[in-house]
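Encoded as structure tokens, the structure appears first; notes follow it.
The values are calculated or read from the model by the stated rules, or taken from the named source; none is laboratory data. Everything numeric in this text was worked out from a predicted model, so none of it was measured. Cβ: placed from backbone, ideal geometry, glycine included. Neighbour counts: every protein chain shown. Surface areas here come from the heavy atoms of the whole protein model, side chains and all, with no ligands, DNA or RNA. Shrake-Rupley method; radii C 1.70, N 1.55, O 1.52, S 1.80 Å.
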Amino acid sequence: MKRSANVELLRFMAALLIMGRHIYHIGILDHPFYDCWIYVEFFLLITGYFTARHFDHHVSEDKAAAAVKYTVKKFLPIVPYAVIASVLAWVTQGVYGLLFENWSMESFIDNFLGDFVFDLLLISGSYTRPLIAPLWYVSAMLIVFPLFALFVQLKNRYLRLILCTFVPIMYFGWVGVSGKRDFPHDMLRVFVGMMLGVVIYEITVQGKKVFESMNKLVLTVIEVLSIIFPIYACYNNWAGKGFTSARLYLLCFFVTLTLSLSGATYTSGIRGNVITYLGRLSMPLYVIHWYIGTLVNDADSVLSLSDPICIALYYPASIIAAMIFMAIIGRWKWFNNILRMVVYEK
């Protein structure tokens, strides 16, 4: 299905903001955007929306098989980036340990035999935190996604909507939007976040005529404000300063994506291959930036770099690395043949 350029731009923006959260990984502990962990929820809403849309357009008699196939379709393109990032992180950590922390070769090998293999299989989220920390999200989602894809195929559309409305209300009311990623909170957080995405899908489909009858300028202003507020609040780290704002951020995401995906605002007119490219870049950027942060942190440990230099290295290097990896993997004929058979199969 055709990508929505305005949503692709938001996807790239969310990846950059999550990078802002991880500035602490390069040794800068007091910094803006520390609260940007909340943008993981933004990606969950998007995933839930597009999963619901997919199964509404692809009805299958064998729902379990359809759920498994769509899971493979969803996650297979991520595997090369996860593998490359994990291998590089393992090698870098080992070399740094051997050179500067008196590691033995046995420690280097033991580090590989510990959690690394499970990182490659994207299942480390079931019991520990992965070497590439952001992969917890990918791992947790992979583990629960087949069940979610099966759930989304419920025949009774209204039952699905009721569950996707009231389960998140109870979950976020009781647990809150806390950023927890220890087991089993990570699994619940992912599943419930995607359920909210299903609600967005139903609103945009069932309320299409309502949106079309509303003032386009007013809706666009609301959409823009719902984008700006959480960015401003995260920049100032309001949640970390005692302002109970995480649920409000989530509400803003809900409003933003509902309006952006409704096609009823002026942002729906955004077009351009560059924007679509940036949206595609968000996934490799999300995976690879932690490794780049590791390199910057190691360089800072050896060279005592200033904070501005670390940030100036972190962002451009992460974006360039993501572009390079996406270009390289795009040229892997054997992998692209697998994608054509599995991912792009109609």
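Listed values, structure above:
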| item | result |
| --- | --- |
| Filtered residue count, the range 81-106, keeping only those that are loosely packed, with under 14 Cβ neighbours inside 10 Å and in a helix (DSSP H, G or I) | 6 |
| Conditions (1) open to solvent by 50 Å² or more (accessible area, probe 1.4 Å); (2) within 22 Å of T294 (Cα to Cα); (3) at pLDDT 80 or above; number of the one not met by R129 | (3) |
| Single condition H54 does not satisfy, out of (1) in contact with a helix residue (DSSP H, G or I) (Cβ under 7 Å, 6 or more places away or on another chain); (2) touching a residue at least 60 places away in the same chain (Cβ under 8 Å); (3) surrounded by fewer than 22 Cβ atoms within 10 Å (Cβ to Cβ) | (2) |
| Count - residues of the range 132-179 that are open to solvent by less than 30 Å² (accessible area, probe 1.4 Å) and either closer than 18 Å to V59 by Cα or over 23 Å from the mean Cα position of the chain (by Cα) (or both) | 6 |
| Residue list for the range 253-281, restricted to those being open to solvent by 30 Å² or more (accessible area, probe 1.4 Å), in a helix (DSSP H, G or I), within 28 Å of A321 (Cα to Cα) and not aliphatic (A, V, I, L, M) | N273, T276, Y277, R280 |
| Pair list, Cβ under 8 Å, 6 or more apart: the range 292-303 residue closer than 21 Å to L16 by Cβ and modelled with pLDDT of 90 or more, other residue among the basic types (K, R) and buried (at least 18 other Cβ atoms within 10 Å of the Cβ) | none |
| Neighbours by Cβ (under 7 Å, 6+ apart or cross-chain): first from the range 212-239, on the phi < 0 side of the Ramachandran plot; second of a type in the set (A, V, I, L, M) and open to solvent by 40 Å² or more (accessible area, probe 1.4 Å) | I222/V255; S226/V255 |
| Residues of the range 197-211 that turn out to be within 18 Å of F166 (Cα to Cα) and hydrophobic (A, V, I, L, M, F, W, C), as a count | 4 |
